[in-house]
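A.B. asks: Okay, handing you the structure first.
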């Protein structure tokens, strides 16, 4: 599995809704208690593409994921996730890993992992087999019978990710998956995520406020601005990630993209 | 050696409770003696103990009747409260319809209702069970509704994104989340259930601790009244202990999200 091989799949002009987009969001508007949260947001993510949304708190990043997953209904605009257009249709057919791990304290790691399969009527034996198949790669094979409180924060996030990806939906949403972790654990899990996610036939949307994380993981970065939430820039990440032995976050290309994004974000700050 | 160490620890932990209880009993005994209180007005603990020993078989026979009524009423209460709470959680319409009725049922002075129940349904066990249910279902409903509502909205959304049906969310998320609150209400209900039984028996029965108290009280056999009260307390404590044991067992199986017991007095 080579994460760098996804690179060339990035469409050149991504704001144009491409025919083969797995996830197409167009002209989304969303209000909360009469305050506009999102205004005319359009994104399109192709098969095998990993897109990151970065922006300050309150710019509606998480709301956008809630709209795509079908948890919330948009005021205007349309969302098409692999052919599923209705909100209720998408609910349960888009993989979504929330910010908190949200593991059920009364279920073991294995039982938490297979929740999505269980809710969709997959037999216990079959779902357990699927969990066991991936447990090794997710680094949780030794803790399958443990309870969530026995795990570290990083391990809990791994379980939450496994729970999200096991139903094997083509669209995967990640909302600050490592936001609550310390810097060292976060860095190691970011590298791990690239290896563990079989993104070749998936469209992945990652929400983060960590610019480094976005550059490290994504093929393309959408920069958002708040009040109301909207997309202000669409940046391709054209860095050869290499083998991961050298710290690419020190490379000049990486720094250039980082400077560009930070500049866009800080300009938003002065406008406010 | 370890066993004796932990035994010693248990003794030390329970020492304050034992000392306070014994002091109260001794004070009662001494004060009755010092002020020369007539025993038909207030019998000392020693006389009550003797009364319990003398009429043990009689007490047990009536305790069994009261215990049976209490357990049946308690069980019906749990089922009724479970149904009502689920309905209230499930639909706003049910909530609007049922909640005012539940509140109204609690404003009825049961003392005035009990004699009417005897006329309506007779003097058999039904009238007592109805009074017990009226006494106990309310705390269970209130705590169960609060428990079912206490579920984390983010958890609900997580279930929805995994394709859960409303019934699956109810069954696999809300019920386990509601357990701590449910047991809090159940403990209140367990203790007051025996009061319901006594009130039910007071107005028309031929057996039970409540009937016994009424007869003995009328004949100024005050020691016997107190003996019945002691047995009644033991009955309530046993039911309470059973609820606590079930709670411990269930919460071990379904631990709540925040399960730390906070005691400000502990360092």
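Yes/no matrix, rows are residues, columns are (1) surrounded by fewer than 19 Cβ atoms within 10 Å (Cβ to Cβ); (2) touching a helix residue (DSSP H, G or I) at 6+ places or on another chain (Cβ under 6 Å); (3) farther than 26 Å from residue A:154 by Cβ:
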| residue | (1), (2), (3) |
| --- | --- |
| A:59 | no, no, yes |
| A:76 | yes, no, yes |
| A:84 | no, yes, yes |
| A:106 | no, yes, no |
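Okay, residues lined up against (1) loosely packed, with under 10 Cβ neighbours inside 10 Å; (2) within 28 Å of residue B:128 (Cβ to Cβ); (3) touching a strand residue (DSSP E or B) at 6+ places or on another chain (Cβ under 6 Å):
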| site | (1), (2), (3) |
| --- | --- |
| B:7 | no, no, no |
| B:19 | no, no, no |
| B:27 | no, no, no |
| B:35 | yes, no, no |
| B:42 | no, no, no |
| B:45 | no, no, no |
| B:60 | no, yes, no |
| B:63 | no, yes, no |
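A.B. asks: Checking the condition crowded, with 19+ Cβ neighbours inside 10 Å and modelled with pLDDT of 80 or more, which residue from A:123, A:113 passes?
C.D. replies: A:113
A.B. asks: Also: Of all residues in the range A:108-130, which are under 23 Å from residue A:178 (Cβ atoms) and within 9 Å of chain B (Cβ to nearest Cβ)?
C.D. replies: A:115, A:116
A.B. asks: Another question, then. Determine if the range B:180-189 includes at least one residue that is surrounded by fewer than 22 Cβ atoms within 10 Å (Cβ to Cβ), in contact (Cβ under 8 Å) with a residue 60 or more places away in the chain and farther than 30 Å from residue B:254 by Cα.
C.D. replies: No: zero hits.
A.B. asks: Can you find a residue in the range A:143-159 that is under 26 Å from residue A:20 (Cα atoms) and in contact (Cβ under 8 Å) with a residue 12 or more places away in the chain?
C.D. replies: Residues of the range A:143-159 under 26 Å from residue A:20 (Cα atoms): none.
Within the range A:143-159 (the criterion being under 26 Å from residue A:20 (Cα atoms) and in contact (Cβ under 8 Å) with a residue 12 or more places away in the chain), the answer is no, since none of the residues qualifies.
A.B. asks: Does at least one position in the range B:133-154 carry a residue that is part of a helix (DSSP H, G or I) and within 14 Å of chain A (Cβ to nearest Cβ)?
C.D. replies: yes
A.B. asks: With the checklist (1) within 14 Å of chain B (Cβ to nearest Cβ); (2) part of a helix (DSSP H, G or I) in hand, flag the one item residue A:133 doesn't pass.
C.D. replies: If we test residue A:133 against (1) within 14 Å of chain B (Cβ to nearest Cβ); (2) part of a helix (DSSP H, G or I), just (1) comes out false.
The values are calculated or read from the model by the stated rules, or taken from the named source; none is laboratory data. Note that the structure is predicted; figures quoted are calculated from it, not measured. Every residue, glycine as well, gets a Cβ built from its backbone with ideal geometry; the counts of neighbours run over all protein chains shown.
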